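Notes follow once the structure below has been shown.
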Amino acid sequence: MAAMPALFISHGSPMLALEPQRPAHQFMKTAARHWPRPAAILAVSAHWETAEPQVGATAQPDTIHDFFGFPPELYRLHYRAPGAPAVAVQVRDALAAAGIAATLDAQRGLDHGAWSPLHLIYPDADIPVLQLSIQSRRDPAHHLALGRALRGLRDDGVLVFATGSLTHNLRLLDWADSGAVFPWAQDFADWMQEKLAARDDAALLDYRAQAPHAVQAHPTDEHLLPLYVALGAATPDAPAERLHTSFALGGLSMDCYLFS
């Protein structure tokens with residue numbers, strides 16, 4: 001089986017699943033052509049936050065509609081992919097081997113950070129999916145270490161599917177959706193692209209101090225932390241490939257990256 005890459009997917013609003021006019025929607029419908037078919041998908045979503053790492057180990061994950069005030073058709077979407085309890089044990093053991101304690105959660109379903117992009121990328125829902133939580137009170141270096149511990153799973157056909165948002169400030173979005181992109185969001189996305197292409201991991205870990213408009217782009221870290229898991233799971237020094245770039249609502253960068 002071919003080794004899988006690691007991915008960082010900007011999932012945006014859950015409405016992305018129902019908005020074919022969005023460039024990111026169209027990209028995701030054909031995105032799987034960029035990598036081999038995985039044996040299982042390990043989703044690392046910004047929307048599962050725990051104090052210590054937890055791994056979803058249910059055999060049939062529920063679809064979690066973890067949002068409010070959206071159209072009824074969004075709540076009717078269900079992503080019925082099977083779970084991967086055996087892979088969950090592999091994930092826990094790989095983390096333990098790196099000195100990172102993790103526990104299994106036999107009840108956890110798939111939140112919209114996982115299922116909304118997977119609904120577009122793998123609509124048949126025929127690949128087993130499990131999730132790994134993030135620790136939003138821990139720094140990027142912690143999440144880089146999580147990714148490094150998981151690197152070997154790629155050789156077993158596990159796709160590390162990190163999902164968050166390259167920029168995420170809901171208070172500064174253009175809810176009128178005029179089509180204009182805010183300069184702060186563009187500048188931040190450009191800086192990230194430059195550092196990811198150069199694999200300047202030191203700068204990326206220090207993004208709060210070095211990236212332009214970091215506070216505007218990320219008032220809190222949780223939507224960027226999954227990127228560091230993908231970065232850690234990547235081959236050292238291999239440049240990241242930007243597969244897609246676009247913006248939604250003026251300030252949500254929908255950039256997606258592949259790490260070999």
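Structure values in brief
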read-out	value
Identity of the residue in segment 16-68, closer than 21 Å to GLY109 by Cα and acidic (Asp, Glu), that ends up surrounded by the fewest Cβ atoms within 10 Å (Cβ to Cβ)	GLU52
Single residue of segment 120-143 satisfying the filter (touching an Asp or Glu at 6+ places or on another chain (Cβ under 8 Å) and in a loop (DSSP other than H, G, I, E, B)) that is farthest from GLU52 (Cα to Cα)	ASP139
Cβ pairs under 9 Å, 6+ apart, first in segment 198-218 and closer than 22 Å to LEU252 by Cα and free of Cβ contacts under 8 Å to residues at least 60 places away in the same chain, second surrounded by fewer than 13 Cβ atoms within 10 Å (Cβ to Cβ) and of a type in the set (Val, Ile, Thr)	ARG208/VAL215
Some residue of segment 239-247 being under 20 Å from ALA114 (Cβ atoms) and in contact with a strand residue (DSSP E or B) (Cβ under 9 Å, 6 or more places away or on another chain)	yes
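The rows are residues; the columns are (1) more than 26 Å from ARG154 (Cα to Cα); (2) modelled with pLDDT of 95 or more; (3) basic (Lys, Arg).
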| position | (1), (2), (3) |
| --- | --- |
| PHE182 | yes, yes, no |
| LYS195 | no, yes, yes |
| ASP200 | no, yes, no |
| ALA209 | yes, yes, no |
| THR235 | no, yes, no |
| ALA240 | no, yes, no |
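The values are calculated or read from the model by the stated rules, or taken from the named source; none is laboratory data. Owing to the predicted nature of the structure, the values given are computational and were not obtained by experimental measurement. FYI the Cβ positions are ideal-geometry reconstructions off the backbone, even for glycines, and counts take in every protein chain you see.
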